[in-house]
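What follows is one structure encoded as structure tokens, with my remarks underneath.
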Amino acid sequence: MKDQGKAKRGIPSKSEFNSWYPAIVEIADLVDKRYPIKGMDVWKPYGWKAMSLIDSITRLQMDLTDHNEYRFPLLVPEDLLEKENRLVAKLKSARDLDVDPSELRLDEEDAGFKNEVYWVKHGGENKLDIPMFLRPTSETPMYNMFSLWVRSHADLPLKTYQIVNTFRYETKQTRSFIRVREIHFFEAHTVHKNEENATLQIKEDAQIVQKILNELCLPNIISKRPLWDTFPGAWYTTAADVIMPNGRTLQVATYHHYRDQWAKSFDISYEDENGNNNFCHQTTFGMSERLLGAVVAVHGDDSGLILPPSISPIQVVIMPIATHISEEVLIYSQKIKEELHSNGIRTKIDNRDIRPGNKHYHWEIKGVPIRLEIGPKDISKNQCIVSLRTGGKEILLLEDLTTSINTCLESISNVLRVRANTLHNNMISMAPKSIVNDGKLIFQEEIKDGIVYEIPFEGNDADAELLEKSSGLSLLGECEQPYEEPMSCIITGKMTTKKQYLARMY
């Protein structure tokens, strides 16, 4: 009977993840995908509130690390994009040729981002002298201003961030939160005196990412992206990937060390204490609504969402029982709401005149952490009954209810972390044994879909290409945590402590 009830609510089994995920996103009322532009969903209040709470967690971390929030314009003139394209093309060519970028000229243009942006070529009926585009990210508009703001060593470090919409002309299949054309985007950009200070910023970014993901109860893989998957404008890129229930990895955060490459192109320099002029070193750090997509995917179940308390728009829903028998039930419900609300717990009373079972289904689908029921008999006993979205019921006394509810919320977070870690670990397997024969890598067992493979790997780019072609998977990059003892590299056979992962990526 229970399974029939779920089927009536239109929820596929989570084992059919590719059907379950888009269904849950809409049934839980996070977004409406019917807007007539592909990849541009309408945020519904419940989904927007959850995303805003993620933003609040991020803003807190930014405040704690002395970043300041800015808001840069949406439109960028084409000539600035051409400047960025020339820089990125130069850096990419230098990387491919294994030479210093200073040895190359900047004359050659590259299409770069031109094919990925949305263009604005008219103002009203007037054709613009210089076309503009909607920002795909904000290096170009930000750095144009940084060159005006930074003059002296006293202006550094400059630590900025913004939370805005960015736009990419995405041609692949779109999927809510995971791959969209209008992206809810967080980006931090910092400017420093030298490489050492920029490197310290990267370490701070890494800590911030883990604090945010811990609040969202999401384990992740941290890896330094291989050279070919590093943004061409970066010295190196580090990424955090969450393993989804279908075994694919979802990149949810990246942080880039730019050295002084962009500063030289945008003339971001400062005068030091000795009166010498030096180019700055820069970093960037980005996240997006993919964080919410990962939360939906990892924590949800066959009954709907399960939201971590930290980002649940409603943490406690109060369900008055038998209000027709006693008016006191609503009075007590309101008192409970006021007490919890005054102590920072997001609370709602559901006094709709519908069947209790329908209410249960509704809030179960929405993933509310705690359902609190109170009726005439509970009032006489000075108690209430709470049901946890992660499972189980408890009877709580109304005295010092806030403390008890907070304990339950923390318990739910811990349960989600344990479950997510179990899923994460179960999705990872050591790669099957293999041999290299006549320039081909042959695995002794079939490479299965839905698994992230762990490998010891210390080969060159050609070895990596062989590895990816043979497995049909992508190399995530070198993990921060190496092996404790050397192992034999899967391609070269040399002993190495470098741990890497092969996966199918979103």
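Give the residues of the stretch 482-506 that are assigned to a loop (DSSP other than H, G, I, E, B) and either surrounded by 21 or more Cβ atoms within 10 Å (Cβ to Cβ) or within 21 Å of the chain's Cα centre (by Cα) (or both), sorted by residue number.
Matches in the stretch 482-506: Ile490, Ile491, Arg504, Tyr506.
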- prompt: Mind checking which residues of the stretch 55-91 are part of a loop (DSSP other than H, G, I, E, B) and either on the phi > 0 side of the Ramachandran plot or in contact with an Asp or Glu (Cβ under 9 Å, 6 or more places away or on another chain) (or both)?
  reply: Thr65, Asp66
Every residue from the stretch 159-202 that is of a type in the set (A, V, I, L, M) and either under 19 Å from the mean Cα position of the chain (by Cα) or closer than 19 Å to Glu139 by Cα (or both): Ile163, Val164, Ile178, Val180, Ile183, Ala188, Val191, Ala198, Ile202
- prompt: Given the structure, is Phe177 assigned to a loop (DSSP other than H, G, I, E, B), surrounded by 16 or more Cβ atoms within 10 Å (Cβ to Cβ), in the same structural domain as Leu60 (by TED's automatic domain parsing) and in contact with a helix residue (DSSP H, G or I) (Cβ under 9 Å, 6 or more places away or on another chain)?
  reply: yes
- request: Hey, could you check the stretch 424-458 for residues that are crowded, with 17+ Cβ neighbours inside 10 Å and hydrophobic (A, V, I, L, M, F, W, C) and say which is farthest from Thr492 (Cα to Cα)?
  value: Met427
query: Somewhere in the stretch 420-433, is a residue more than 30 Å from Thr390 (Cβ to Cβ) and touching a Lys or Arg at 6+ places or on another chain (Cβ under 6 Å)?
result: no
- line: Over the stretch 13-54, the set of residues assigned to a strand (DSSP E or B) and buried (at least 16 other Cβ atoms within 10 Å of the Cβ) is Val31, Trp43
field: strands (runs of 3 or more DSSP E) contained in the stretch 245-297 and holding at least 1 residues over 28 Å from Glu84 (Cα atoms) and modelled with pLDDT of 95 or more
entry: 249-259
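Residue-by-condition table, conditions (1) over 35 Å from the mean Cα position of the chain (by Cα); (2) among the aliphatic types (A, V, I, L, M); (3) in a strand (DSSP E or B); (4) modelled with pLDDT of 95 or more:
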site: Ile314; (1), (2), (3), (4): no, yes, no, yes
site: Met319; (1), (2), (3), (4): no, yes, yes, yes
site: Lys335; (1), (2), (3), (4): yes, no, no, yes
site: Ile354; (1), (2), (3), (4): yes, yes, no, no
site: Asn358; (1), (2), (3), (4): no, no, no, no
site: His362; (1), (2), (3), (4): no, no, no, yes
site: Arg371; (1), (2), (3), (4): no, no, yes, yes
- prompt: Could we say that Lys499 is in contact with a Cys (Cβ under 8 Å, 6 or more places away or on another chain), modelled with pLDDT of 95 or more and among the charged types (D, E, K, R) here?
  reply: yes
task: For the stretch 232-243, state whether one or more residues are within 20 Å of Val150 (Cβ to Cβ) and modelled with pLDDT of 95 or more.
output: no
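The values are calculated or read from the model by the stated rules, or taken from the named source; none is laboratory data. It should be emphasised that the depicted structure is a prediction, and the values quoted were computed from it without experimental measurement. Quick reminder, even Gly has a Cβ in these numbers, built from the backbone with ideal geometry, and neighbours come from all protein chains shown.
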